[in-house]
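The structure appears below as structure tokens.
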Amino acid sequence: MVCGGFACSRNALCALNVVYMLVGLLLIGVAAWGKGLGLVSSIHIIGGVIAVGVFLLLIAVAGLYMIILGLVFVFQFGISWSCLAINRSKQTDVINASWWVMSNQTRDELERSFDCCGLFNLTTLYQQDYAFCTAVCKSRRPTCQMCGEKFLKHSEEALKILGGVGLFFSFTEILGVWLAMRFRNQKDPRANPSAFL
């Protein structure tokens, strides 16, 4: 029996199902772990990661590859390339816009967890942020590092990782679509040979 036949396609699809089940469970587990340890305080981020994990788990359990994975591939491929292509000035714009929208409590949490004060030293708003800063660095030295620089460093690393992992899994999704189409169009050798596909 050659690889590429009915049994090989079926086994490859089963293996891919198992991988997607594990990835779905991993996403759900990591999101719950991050929330439990207090690493991520935003319920929206946690909810989004858990939703993606549940979605992947349902796709793997149901085996609905051809249509759903085709659509997921398009979105994931586009988002992965966007993560890899975003430049430093755009990251600065997004961080700056997010900083002024978030609540004071969230800002305080970020300043304490990153041990920094204020966002960027661009306006008089920086002095206001610095005056209300509760980070530990403020008591140890006369000036603290700006949070914007730390956020940029972390966002660059995170975007590269997210883009690379997303790109890798988008190609495994195309493999899943191809295997599902191939498996669907093959005859089961144990079935009636005169039966149609």
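The values are calculated or read from the model by the stated rules, or taken from the named source; none is laboratory data. It should be emphasised that the depicted structure is a prediction, and the values quoted were computed from it without experimental measurement. Note that each Cβ is placed from the backbone with ideal geometry, even for glycine, and that neighbours are counted across all protein chains shown.
Quick notes on this one:
- Taken over the stretch 32-45, the residue count meeting the criterion of being in contact with a helix residue (DSSP H, G or I) (Cβ under 6 Å, 6 or more places away or on another chain) and modelled with pLDDT of 75 or more is 0.
- Exactly one residue out of 17, 96 is over 22 Å from residue 167 (Cα atoms), modelled with pLDDT under 85 and polar (S, T, N, Q), and it is 96.
- Within the set 53, 29, 24, 48, the sole residue that is within 19 Å of the chain's Cα centre (by Cα), at pLDDT below 80 and under 26 Å from residue 161 (Cβ atoms) turns out to be 48.
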